[in-house]
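Single-structure report; data block below.
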Amino acid sequence: MQSDIYHENVQGVEYSDTTLGMGATLEFKTNGKVYYNFLGQQDSANYTIKSDSVIDIVDVDTYDIKTLTTNQFVLFSKSADSSGTYEETINLIK
């Protein structure tokens, strides 16, 4: 993972943060699982490719696939509810 950028606005209060990869990895396997390791914490989740441009990581979020090349994978999510908005961009590199 190169970076995880998120921005939220909850009841008018803005918050943004950028987390650099710091050695974090995500590995999408053909068995429908994504394995991730972040700061020594390892876990996995199921994922489903909904279309050419949408991937759902179960119990995490549904992401738009913004870029997919042999060296770069960019995921974007945006949601809103009565309390505010939330956006996340995950930049993955090989």
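Bear in mind these aren't lab numbers, they're just calculated from the coordinates by the rules spelled out. Just so it is clear, the structure is predicted and the values come from calculations on it, not from any experiment. Cβ placement follows ideal geometry from the backbone for every residue including glycine, while neighbour counts extend to all protein chains displayed.
Can you give me the relative contact order of the chain as a percent, contacts being Cα pairs under 8 Å and 6 or more apart?
Details: 196 pairs, mean separation 25.6, N = 94.
Computed value for the chain: 27 percent relative contact order.
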Full-extension gain between S16 and K29, please, as 0.36 nm times their residue separation minus the C-alpha to C-alpha distance. 1.6 nm
Mind listing the phi-derived Karplus ³J(HN,Hα) values for segment 11-25, rounded to whole Hz, using 6.51, -1.76 and 1.60 with θ = phi - 60°, and x for any glycine or proline? 6, x, 9, 8, 9, 9, 7, 10, 9, 7, x, 6, x, 5, 10
Quickly work out the S79-to-I5 label distance, labels modelled 7 Å from Cα along the C-beta direction, and quote it in nm with one decimal. 2.1 nm
Using all C-alpha to C-alpha distances in the chain, build P(r) with 10 Å bins and read off the rounded percent in each one. 15, 46, 31, 7, 0
Amide H contacts under 5 Å for K33, placed H, 5+ residues apart: Y47
